[in-house]
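**Q** Once you've had a glance at the structure underneath, I'll fire off some questions.
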Amino acid sequence: MNYTGASLLIKLLERQGIELLPGIPGGAILPFYDALHDSRQITHILARHEQGAGFMAQGMARVTGRAAVCVATSGPGATNLLTAIADARLDSIPLVAITGQVPQALIGTDAFQEVDTYGLTVPITKHNFLVRDVAELLEIVPLAFTIAESGRPGPVLIDLPKDVQTARLTVADDALPAPGGRTAPRACPDSAIDQLAQLLENARRPVLYFGGGIIAANASHLARELARRLAAPVVCTLNALGSIPAGDPHFMGMLGMHGTRATHLILDEADLLLAIGARFDDRATGKVAEFCPRATIAHIDIDRAELGKIKTPALGLEGDAADILERLLARFPEKEPRHSGWLAHAADLRAAHPLHHPAPAAEPLHPVNLCRFLAGALPADTIVTTDVGQHQMWVAQAWPFRAPRTFLTSGGLGTMGFGLPAAIGAALAAPGRRVACISGDGSLLMNIQELATLADHPHLPVAVLVFNNAQLGLVRQQQELFFGRRYAASHFPTGPDFAALARAFGVRGHRIPATSPDPLGDIAEALARPGACVIDIPMCGNTNVLPMVPPGGANLQTIEHHHLATA
Ligand SMILES: Cc1ncc(C[n+]2csc(CCOP(=O)(O)OP(=O)(O)O)c2C)c(N)n1
């Protein structure tokens, strides 16, 4: 069949199984859009800002575990995508970003809407391509998906000059390449797994440190089973939340800057730390020299570069977490769980250091109480997205996540503006699932224009819940605690009426009156109605997310509620 570069790319995306494609058109990508018009398989989702399109694709990829695609034009379209690409890189999300480029004859001439997208994306992609010839698409497109999904997942960019989109190529059906996708990584040697089994066998106080890599590897059930057989407490990073149910007796909570005190105490006592798909991020470890001071460290990661990057492990195992855990479990046959005294001690620590919050009846809209109320009011399999700030940390601390891929948040880059478009992408990719976007009044404004996209899909069950404290709350908190209460640029002098704003976009909007006698009842009523909505919830402006490890401090130096109460 005779293709243009544009129609060939569509054909190859269809063969990849792509059905949803968020993006925004523009001059340099118009031949692609023209060909897209003929696709019966791919539904284009018209975002209102390319960053929104990138985060919609991320929402799809985070929910399904498969690479999702977004598209933008050259120049400003491409630069608007950069944040979403960098975000995918830091959180290891498989993403294929397609950008239009000026015709090859104009590259390097400062042509209209020309930027060096290839150059700009070198440091923030796993790999990137500038397509020079239409025939290269046959190799590049499947390879882009293979790179995005294999090993440590990540973003891949395909920059496509306009003349390549219009160039013609005849390809027989049987000459079309097989779709790309995840390839099996090199197997970790048996000897390393034997050594790990021995370390675990000898340990008296083992702790498992779960990272987002467990979810990426679809290994949550295996990691939980290891915890059970070892009777080992589990600490989770932000992006590992959901890999083990919050109610599981092994789960100690999130570690790190806003982690639970119990995680830090148990890590301090551990004699063996097994990190799985975790990268010893500074937000998780606090002052590295004082992190887990008594423990021998073993580290499983698919990315060899992570082994020893921050902490030198006694044993590093490179490979797929699911494969390694399965083989490790075979070495721990079902028998009486060991270390049961250690697990009981962990439970005591957890009980002794609960999350501080006022009684729900006294302060129903305290963010911890509100998160627990919302989790109870929404279906158990609700997908939660957040933006970045205090609200994000409250959700991480208080939402009882039960399953992997139910908590989508920008962990590594910490991008305000992630929540709404990620929620739209998640809802599109997981039809029938409820999606709650917990946002802050600062963050929501960063991609508020995507309410227009949501209005295009009014039946999507996306509820945006604005924890509205009239502030950049996490900034205000740091200024209170570490900058002598000098509140520079963290209070909003004015703020929009988010309910009215939602309605202006065509989305149902609710504002919970500050004087409501039953604010939780009002919220439940708004959530019970079908379709997309925004619920603006006013809350107290000076509540802090605690505990908190001061930036640069050791995890045991947490600021707790009682420190401030007596200060
Ligand atoms: C794009 C971007 N700009 C700036 C920041 C720095 N930052 C981190 S949290 C925060 C405040 C967030 O405010 P809001 O969304 O209202 O949430 P709150 O902390 O009040 O819950 C800021 C400005 C960021 N993370 N991302």
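**Q** Check LEU474, LEU564 and return the single one that is modelled with pLDDT of 95 or more, at negative phi and of a type outside the set (Ser, Thr, Tyr).
**A** LEU474
**Q** Here's a follow-up. Mind checking which residues of the stretch 400-421 are without any contact (Cβ under 8 Å) to a residue 60 or more places away in the chain and small (Gly, Ala, Ser)?
**A** GLY414, GLY419 - these are the residues of the stretch 400-421 that are without any contact (Cβ under 8 Å) to a residue 60 or more places away in the chain and small (Gly, Ala, Ser).
**Q** Cβ-Cβ distance below 8 Å, separation of 6 or more or different chains: which pairs start in the stretch 422-443 with a residue that is within 16 Å of the ligand (Cβ to nearest atom) and end on one that is in a helix (DSSP H, G or I) and of a type in the set (D, E, K, R)?
**A** ALA422/ARG62
**Q** Specify which of the listed residues (ALA359, ALA380, ALA375) is more than 21 Å from the chain's Cα centre (by Cα), more than 16 Å from the ligand (Cβ to nearest atom), surrounded by fewer than 24 Cβ atoms within 10 Å (Cβ to Cβ) and without any contact (Cβ under 8 Å) to a residue 60 or more places away in the chain.
**A** ALA359
**Q** Considering each of LEU274, LEU317, LEU343, LEU329 in turn, give the residue that is aliphatic (A, V, I, L, M), under 26 Å from ASP248 (Cα atoms) and in contact with an Asp or Glu (Cβ under 8 Å, 6 or more places away or on another chain).
**A** LEU329
**Q** Under 6 Å between Cβ atoms, which residue pairs at least 6 apart in sequence (or on different chains) link something in the stretch 173-187 that is modelled with pLDDT of 95 or more with a partner that is in a loop (DSSP other than H, G, I, E, B)?
**A** Between residues of the stretch 173-187 that are modelled with pLDDT of 95 or more and residues that are in a loop (DSSP other than H, G, I, E, B), the close pairs are PRO179/GLN16; ARG182/SER150; THR183/SER150.
**Q** Of the residues PHE505, PHE498, which is of a type in the set (Phe, Trp, Tyr), away from the ligand (no atom under 16 Å from the Cβ) and under 27 Å from the mean Cα position of the chain (by Cα)?
**A** PHE505
**Q** Which of the residues that make up the stretch 65-105 are touching a Lys or Arg at 6+ places or on another chain (Cβ under 8 Å) and assigned to a helix (DSSP H, G or I)?
**A** Selection gives ARG89, GLN104.
**Q** For the stretch 394-417, which residues satisfy the criterion of being of a type in the set (A, V, I, L, M, F, W, C) and within 9 Å of the ligand (Cβ to nearest atom)?
**A** Scanning the stretch 394-417 gives TRP394, LEU413, MET416.
**Q** Name the pairs whose Cβ atoms lie under 6 Å apart, with the first residue in the stretch 26-55 and without any contact (Cβ under 8 Å) to a residue 60 or more places away in the chain and more than 18 Å from ASN80 (Cα to Cα), the second of a type in the set (A, V, I, L, M, F, W, C) and in a loop (DSSP other than H, G, I, E, B), and 6 or more positions between them or separate chains?
**A** ILE42/ILE18
**Q** Also: So ILE537 clears everything in (1) away from the ligand (no atom under 16 Å from the Cβ); (2) in contact with a Leu (Cβ under 7 Å, 6 or more places away or on another chain); (3) not aromatic (Phe, Trp, Tyr) except one condition, right? Which one?
**A** Looking at each condition in turn, ILE537 falls short on (1).
**Q** Name the residue that is nearest to the ligand (Cβ to nearest atom), counting only residues in the stretch 452-472 that are farther than 17 Å from GLY389 by Cβ and surrounded by fewer than 24 Cβ atoms within 10 Å (Cβ to Cβ).
**A** ALA452
**Q** Confirm whether ALA351 is over 19 Å from ILE244 (Cβ atoms), of a type outside the set (Ser, Thr, Tyr) and away from the ligand (no atom under 16 Å from the Cβ).
**A** no
**Q** Okay, moving on. Looking at the stretch 519-552, which of its residues are part of a helix (DSSP H, G or I) and either of a type in the set (A, V, I, L, M, F, W, C) or touching a residue at least 24 places away in the same chain (Cβ under 8 Å) (or both)?
**A** PRO519, LEU520, ILE523, ALA524, ALA526, LEU527, ALA528, listed by residue number.
**Q** Ok, one more. If the requirement is being more than 20 Å from the chain's Cα centre (by Cα), within 14 Å of the ligand (Cβ to nearest atom) and of a type in the set (A, V, I, L, M), which of these qualifies: VAL388, VAL475?
**A** Answer to the selection: VAL475.
**Q** Assuming ASN218 fulfils every condition listed in (1) within 15 Å of CYS236 (Cα to Cα); (2) part of a loop (DSSP other than H, G, I, E, B) apart from one, which condition is it?
**A** With (1) within 15 Å of CYS236 (Cα to Cα); (2) part of a loop (DSSP other than H, G, I, E, B) applied to ASN218, the lone miss is (1).
**Q** Let me ask something else. Would you confirm, using the coordinates I've provided, whether PHE55 is within 16 Å of the ligand (Cβ to nearest atom), among the aromatic types (Phe, Trp, Tyr), on the phi < 0 side of the Ramachandran plot and within 23 Å of the chain's Cα centre (by Cα)?
**A** Considered against the rule, which asks whether it is within 16 Å of the ligand (Cβ to nearest atom), among the aromatic types (Phe, Trp, Tyr), on the phi < 0 side of the Ramachandran plot and within 23 Å of the chain's Cα centre (by Cα), PHE55 comes out as yes.
The values are calculated or read from the model by the stated rules, or taken from the named source; none is laboratory data. Keep in mind the model is a prediction, meaning the values are calculated, not measured. As a convention, Cβ positions derive from the backbone with ideal geometry for all residues, glycine included, and neighbour counts pool all protein chains shown.
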